[in-house]
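Here is the structure we will look at.
Bear in mind these aren't lab numbers, they're just calculated from the coordinates by the rules spelled out. As the structure is a prediction and not an experimental result, all values here were calculated from the model. Heads up, the Cβs are rebuilt from the backbone with ideal geometry, glycines too, and the neighbour counts pull from every protein chain shown.
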Amino acid sequence: MTAIEFKNIGKQYRLGVVSTRTLTHDLNRWWQTSILRREDPYLRIGETNDRASRGKSEYVWALKDINFSVEQGDVVGIIGKNGAGKSTLLKLLSRVTGPTVGEIRARGRIGALLEVGTGFHQEMTGRENIYLNGAILGMTKAEITRKLDEIVDFSGCERYIDTPVKRYSSGMMVRLGFAVAAHLDPEILVVDEVLAVGDAEFQKKAIGKMQDVSKGEDRTVLFVSHNMNSIQQLCKTGILLDNGRIAYSGSIGETIRQYLKDNDQRISHIAEPNEEALQLLQASISTSDIYAFHPSSELTLHMVVAVREKIHQLAIGFNIYSSYGYPLARADYNDQDMRQSLEPGVYELTFCIPPHTLATGEYKVVFDVADIEAKNFAGPNTALTFNVVNGEKVFGNAFNETNSLKCSVIRQPWMTHFQKLD
């Protein structure tokens, strides 16, 4: 049975203003749409929602030509870069705003957690807001009372449940909001990026609850996140949005692969040459699996360095940090002969990180190049981020976060290649 259906959905906004700015435009819109029953003339003026470029029109399509359906019980991950239209899509489904064109059909009650504090009255207590949200979803007071203890226990906010929510932290607000949305029996659960606000323990609990809702209770879940591992752990199918349009729809593994492929520029850096004595010209991260980084992948870190003055003591390498900024490992070149004398030129270096060194998660690599003796650094450190995700099929023992900390004791250099290019 089809739970959600989007038919030719489009959502247009005018930049900077709410109305059409002039009385003439407003009257013309009213005459064309209300009297003559024609299409709004101002909707024909619009551009692709590319936030990175300056457009000529005052109108943009946040979403355009959106067509897809979701079967009951499916868990669908919606991914895309910032500004792609993910949150707008969920707001349309949740009826927070209406589509400019097109039709949305949804079967059953929708429980939505879109932003921190959405649907909460700041002056009311947590308990009162549970009843308020339940009433909005169409629940009776008796039904909410029956679920109340379970909601409060899941949220972990029992001590503050009779305190006005304006006193809550953002994390507490998300906990309570998710608990309400997930426990008041919605046929469709819509969750935006807000889980990123919660701590690791709550994120694990929330993902487990969404799995229970979809599998055990046969309810439909739409999940938006930038955490590829959470998306892959929870979802079976995915939708990739790009500039307000569907760029890909299919299995979650292939959707993530397309996303990483389309955003490959995030893991490379090219600098404009200058006259500094020492400069990092290029830095990149690649993998044996082309676009997707898996725990079983061999990662290659490539660097090109310009040396314009003789170096006597070179330090070159990188640091690996977790998504929380925790330092995991340091690798650098420590060849004593090279560090004693390095003539001017352009040098190419390659570091190799062996398979099963990094667990699933998001990582940041910070490259640095310096002449220790002259205290001369190659400009600001260059940082690149990447995600390690499980593959479509995982055999053997899966690595976890505890295993990944083993790389904090790695001291041997991973350099596999060094040569002078000119």
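Measure up 11/205; 7/209; 11/204; 81/204; 209/364 against 28 Å on the Cα-Cα distance and list the ones that go over.
11/205; 7/209; 11/204; 209/364
Name the trypsin sites (Lys or Arg not before Pro) in region 67-142 that are in a loop by DSSP and that have at most 14 other C-beta atoms within 10 Å, would you?
Sites meeting the loop and neighbour criteria: 95, 107.
What is the sum of charges, Lys and Arg at +1 and Asp and Glu at -1, for the other residues whose Cβ falls under 11 Å from the Cβ of residue 139?
+2
Among 138, 160, 121, pick out the residue whose Cα is farthest towards the positive end of the charge dipole of region 118-165, where Lys and Arg carry +1 and Asp and Glu carry -1 on C-beta, about the Cα centre.
The residue sitting farthest along the positive end of the dipole is 138.
Relative to the compact-globule scaling 2.2 N^0.38 Å, provide the ratio for the alpha-carbon radius of gyration of region 153-202. Don't skip to the answer; put the middle values down first.
Values: Rg = 11.1 Å, N = 50, 2.2 N^0.38 = 9.7 Å.
Dividing the Cα radius of gyration by 2.2 N^0.38 Å gives 1.14.
Please give the Cα centre distance for region 297-314 versus region 121-189, rounded to the nearest Å.
55 Å
Are there trypsin sites (Lys or Arg not before Pro) in region 158-254 that DSSP puts in a loop and that have at most 14 other Cβ atoms within 10 Å, and which ones?
Counting only loop positions with at most 14 other Cβ atoms within 10 Å, the trypsin sites (Lys or Arg not before Pro) in region 158-254 are 236.
What does region 71-152 give for Rg and for Dmax, in Å, if only its C-alpha atoms count?
Cα radius of gyration and Dmax of region 71-152 are 15.2, 42 Å respectively.
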